[in-house]
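Notes to accompany the following structure.
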Amino acid sequence: MTRGIRGLAMGVTLMLGLAACSDGPGGSDDPFGGGGGAAAAVPFNPSQVAQALPSKLSAPQGWEGGSQNVIDGGEAMEACQDAGSVSCVGLTAMGETEYDAEAVSGREIAFGLMAYDSVDNAKVGMKTLLAEGREKAGDKAKPLALDAGAEESEAYAEEGEGEVMVVLRVGTLVGYLAGSELAAPGDLQPFAKLLTDRIKVSATGKNPDA
């Protein structure tokens, strides 16, 4: 399950592809919709990456949150470089966690974050992550109209594989989600929104679980 998201975070070649692009809400003065403001355009430290990741406390009813794994510095750079043709320039930290459905075996959602030192480097990171995914997916990727509320987001369902993936960017952070055995592809949208909202709150220096 979720081999693309976990593979990237653990230094394994990204296996899932991506298609379809949509821009999140927000104007030019506040591209983050008011939640994080310009603060989201500054680099995140590892503690903020950990805060931005969905937590056990934020897991909705029927889901159980897992432990968080955050790496930074040389460890994060090595994992990124092992992940394939994804841009690691300016990468400062990476983090991942997952939610498991309590009532359905195999129904899982994995979350990941890649923190960059600038918006420009984050844009390149997202672009190359998408390119890597498209190369791996081939003609299996089915575009999804999924609004994560981010500056940039793309989503797809991989036909015949039972998996859904979203990649998004908010300021200097690139986030990605992979879901397995969801009742419907659209079931991943509230989780993508959850990740986006947590990034925006963490950007202000606040704890999203407070």
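The values are calculated or read from the model by the stated rules, or taken from the named source; none is laboratory data. Quick caveat: nothing in here was measured; it's all calculated off a predicted structure. Positions of Cβ are backbone-derived with ideal geometry, glycine not excepted, and every protein chain shown enters the neighbour counts. The accessibility values were calculated without ligands, DNA or RNA, using every heavy atom of the protein model including side chains. Shrake-Rupley method; radii C 1.70, N 1.55, O 1.52, S 1.80 Å.
With every protein chain present, what is the per residue accessible area of segment 51-210 (1.4 Å probe, Å²)?
41 Å²
Please list the non-local residues whose amide H lies under 5 Å from the amide H of TYR156, H modeled 1.01 Å from N, same-chain partners needing a gap of 5 or more.
ALA19, LEU144, MET165
Based on Cβ point charges of +1 for Lys and Arg and -1 for Asp and Glu, what charge dipole magnitude is obtained for segment 92-210 about its Cα centre, in debye rounded to the nearest 20?
Rounded to the nearest 20 debye, it is 420 debye.
How large is the Kirkwood hydrodynamic radius of segment 67-167, counting all unique pairs of alpha carbons, in Å?
Across segment 67-167, the inverse of the average 1/r is 15.0 Å.
Taking segment 153-210 as the region of interest, what is the percent of Cα-Cα pairs per 5 angstrom bin, listed from the shortest bin to the one with the maximum distance?
The distribution over segment 153-210 is 4, 18, 28, 19, 14, 10, 5, 2, 0, given as percents.
Residue by residue through segment 45-51, which ³J(HN,Hα) values in whole Hz follow from phi under the Karplus form 6.51 cos²θ - 1.76 cosθ + 1.60 (θ = phi - 60°), with glycine and proline marked x?
Using θ = phi - 60°, the values come out as 8, x, 5, 5, 4, 4, 5 Hz.
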